[in-house]
Amino acid sequence: MQMTTELFNAASRSFIACNLKPKNVSDILSKLEAQGVTASVAGNMLELKQGDTIFSLGVALSAYAEKNPRDFYGAAGSVNFKSDLKGDVAGKIAFIKQNGLSAWEELPYDEKSITAKHVVRSVLPHAGMTKSEYAQLSIAEKIKLCSEIGAAGVSAIMARVR
């Protein structure tokens, strides 16, 4: 499938009309194509076909979103990982308002995160950690570490490139 601007815009409008916020429209259309579904533009909206069968757009996209919730921002079910709301500032704010900052802090980043498996982190907060390791800490862990090593210690961590 060749992704044209017209097809991309039609797909984006169609997802919005179905109250879905896709993370990557092109990837979703590629996955549908791999399942034998062709995407085209009809009346400035997305049209999905398999052979001669034209799908009801709302039903097809809802079914896809139900099977692949990780392809969408927050609108496709509960938030299990911070990455579910990556790039969706409004969704993150709504989650924190509804559940509190502590609930946000307890969420693992994604399904591959160590905390997603309820296992102790492989790296404990310490003065010699790298900038990328520090970035993975929760706010509570950062505050505790800062109180132990001070601002100069945190500055040293942030200066490490790796």
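Laboratory data are not the source of any read-out in this text; all were calculated from the coordinates shown. For clarity, every value in this text was computed on a predicted model and none was experimentally measured. No Cβ is skipped: glycine too gets one built from the backbone with ideal geometry, and neighbour counts run over all protein chains shown.
Worth a mention:
- Distance between the 7 Å Cα→Cβ label points at ASN19 and SER62: 0.9 nm.
- (1) 1.38; (2) 0.99; (3) 1.32, with the label sought being that of the calculated Cα Rg over 2.2 N^0.38 Å: (1)
- Compactness of region 7-61 as Cα Rg over 2.2 N^0.38 Å, two decimals: 1.01
- Non-local lysine pairs in the chain, meaning eight or more places apart or on different chains, with alpha-carbon distances under 12 Å, amount to 6.
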